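Quick notes on the structure that follows.
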Amino acid sequence: MKTAKSYLALLAVLLVLLVQSGCAAQTTNSPPPATRTVVDMAGKTVKIPAEVNRIVVTCYGGASNEIAVLNAGDKIIAQPTMKSFKQLEIMEPKFKETPDVGSFDNVNVEEILKLKPDIVVASVTSPTGNKKLADAGIPVVTVLTGKATVDGLKKEFTMMGEVLHKEKEAAALVQLWNGKLQMLQERVAKIPSDQVKTVYYMLGKPLHTEGSANWGQSLITAVGGKNAAQGIGNVKDISVEQLLQWNPDVIILSSNEGQFISPDDLKKNPQMGNLKALKNSQTYQCPIGAFWWDRPSPESVLGFMWLAKTLYPDTFADVNLEQETKDFYQTFYHYSLSSQELQAFFNPQASA
């Protein structure tokens, strides 16, 4: 009898152990994957680490700004110098010290390897440099830089949010863009065709501009303007005869592909002094915040609103650009702009 009881007790113990081991097997979590894939802006599927903590940037084009507004600026360990963007360096002090290991096709692969990045964020316009990095075994995630369109840039925000596990922040940025763009489109749709302004985008040199294949087209048309140079496609340099023939209503002046050309300098040019925009004092300097407002970046939406108010001040009289800018910086850069900082955006040559 005693032996039978002992036998039954042993069976009971074994049964408990079997149940417990079965539960343990069911509840044990699998180790997280070491890698994952994303589709970058060149349409390539790129294998990247599950967690991205060390980023090298090898382009301008607002890539560093994208990472910063997604609250991941501390992950950048190298990038081209940001000294042209004082406000960005103020908000991200580390950017003053990050090493420059090359940009676009001119990259220093050996120095980048020493930094042991998780990924490199590079431009779609630098296939040679990108291939060198990929051949060295570094995951390369491409972004659009100056080749962006409005829709493409919004997709890029979403893609970078996925890369950084910042999907919520990226969605908020895209939502803001959609709301502001819808407001702009609804209002400019009501502008009579005979009141649409023709705009010449003067990009660093008097006869250097952008046609329908580049961002200048998006900048101007998003706010109801007509790009004087839209017919030149991907060409960027024109003749003075073309400019005189276009005779734009408005000239916007940018320095991001060369030197800033002032309205006074243009008026002194005997070939340009009779342009309608100059005679009517319709020349405006493009603002510069943490990046150029006339180039694709997260805050380009502020550039759209600036140009809308510039071209059609009555239509957009109620848009408080200063407040819009402060709100954007607080929400996405987590930074409270001072009035002095804000005013410097609209007169960048004076603060250079």
Next on the checklist: Between Phe304, Phe260, which is in contact (Cβ under 8 Å) with a residue 40 or more places away in the chain, of a type in the set (Phe, Trp, Tyr) and in a loop (DSSP other than H, G, I, E, B)?
Outcome noted: Phe260
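Residues are listed down the side, and each one gets a yes or a no for (1) without any contact (Cβ under 8 Å) to a residue 40 or more places away in the chain; (2) over 25 Å from Gln330 (Cβ atoms); (3) not in a loop (DSSP other than H, G, I, E, B):
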| site | (1), (2), (3) |
| --- | --- |
| Met82 | yes, no, no |
| Asp100 | yes, yes, no |
| Gly137 | yes, yes, no |
| Val141 | no, yes, yes |
| Gly146 | no, yes, yes |
| Glu162 | no, no, yes |
| Asn178 | yes, no, yes |
| Gln185 | yes, yes, yes |
Checklist entry - Only one of Ile77, Ile112, Ile90, Ile119 is more than 22 Å from Gly152 (Cβ to Cβ), assigned by TED's automatic domain parsing to the domain that holds Val140, more than 16 Å from the chain's Cα centre (by Cα) and crowded, with 22+ Cβ neighbours inside 10 Å; which? => result Ile112
Checklist entry - Can you tell me how many residues in region 214-246 are surrounded by 15 or more Cβ atoms within 10 Å (Cβ to Cβ), without any contact (Cβ under 8 Å) to a residue 40 or more places away in the chain, not charged (D, E, K, R) and not in a helix (DSSP H, G or I)? => result 4
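Results for (1) among the hydroxyl-bearing types (Ser, Thr, Tyr); (2) under 19 Å from Glu89 (Cα atoms); (3) crowded, with 18+ Cβ neighbours inside 10 Å; (4) in the same structural domain as Asn247 (by TED's automatic domain parsing), shown as yes or no for each residue.
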residue	(1), (2), (3), (4)
Lys279	no, no, no, yes
Gln285	no, no, yes, yes
Ile288	no, yes, yes, yes
Thr310	yes, no, yes, yes
Phe316	no, no, yes, yes
Asn320	no, no, no, yes
Next on the checklist: Going by what's in this entry, would Pro287 be described as free of Cβ contacts under 8 Å to residues at least 12 places away in the same chain and out of contact with any Gly (no Cβ under 6 Å at 6 or more places or on another chain)?
Outcome noted: no
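The values are calculated or read from the model by the stated rules, or taken from the named source; none is laboratory data. Keep in mind the model is a prediction, meaning the values are calculated, not measured. In this analysis, Cβ positions are derived from the backbone assuming ideal geometry, glycine residues included, and neighbour counts consider all displayed protein chains.
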